[in-house]
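The values are calculated or read from the model by the stated rules, or taken from the named source; none is laboratory data. Predicted model only: the values in this text are computed from it and were never measured. All Cβ positions, even for glycine, are placed from backbone atoms using ideal geometry, and neighbour counts span all protein chains on display. The protein model used for the area step is the full one, side chains on, heavy atoms only, and it has no ligands, DNA or RNA in it. Shrake-Rupley method; radii C 1.70, N 1.55, O 1.52, S 1.80 Å.
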Amino acid sequence: QQELSFSKQLKTYAQLIDRTNKEFAQDLAVHPTKFSRIIYGREDPNIDLMYRLEEHSRGEIPAHRWRRLHSLELEHRIKTDLERKIAESKKVKNPIQLNA
């Protein structure tokens, strides 16, 4: 669900702490362009960002919670993006043969 996505929750957090994207990126020592790609869902966050978010919230939102949120989003993408799944499966050569 879009409202539970990593990027949406990151936007909400930024609003709650009353920071612009540029200010928030500076707080986290992330390049503003990279931060913009993450906050708008065009780039996946890395673990380092999650550690920084934990520190920024003074531990109120632990890194593993940010990671779990992102993992759930990835799981949803994997389950629902059938078009991409089909496109990627066409690239596979010589899949293993299983005996029934």
Matching residues in the range 67-81 - criterion: being assigned to a helix (DSSP H, G or I) and either modelled with pLDDT of 95 or more or charged (D, E, K, R) (or both): 67, 68, 73, 75, 77, 79
Within the range 57-77, can you find the residues that are on the phi > 0 side of the Ramachandran plot and either open to solvent by 90 Å² or more (accessible area, probe 1.4 Å) or aliphatic (A, V, I, L, M) (or both)? 58
Evaluate the range 87-97: report whether one residue or more is open to solvent by less than 50 Å² (accessible area, probe 1.4 Å) and either on the phi < 0 side of the Ramachandran plot or in a helix (DSSP H, G or I) (or both). yes
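Yes/no per residue for (1) within 14 Å of residue 7 (Cβ to Cβ); (2) touching a residue at least 12 places away in the same chain (Cβ under 8 Å):
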position: 47; (1), (2): no, yes
position: 56; (1), (2): no, yes
position: 67; (1), (2): no, yes
position: 70; (1), (2): yes, yes
position: 84; (1), (2): no, no
Taking the range 12-56 and keeping only residues that are exposed (fewer than 15 other Cβ atoms within 10 Å of the Cβ) and either of a type in the set (Val, Ile, Thr) or touching a Gly at 6+ places or on another chain (Cβ under 8 Å) (or both), one is left with 12, 17, 20, 33, 47
Some residue of the range 18-30 being assigned to a helix (DSSP H, G or I) and within 10 Å of the chain's Cα centre (by Cα): no
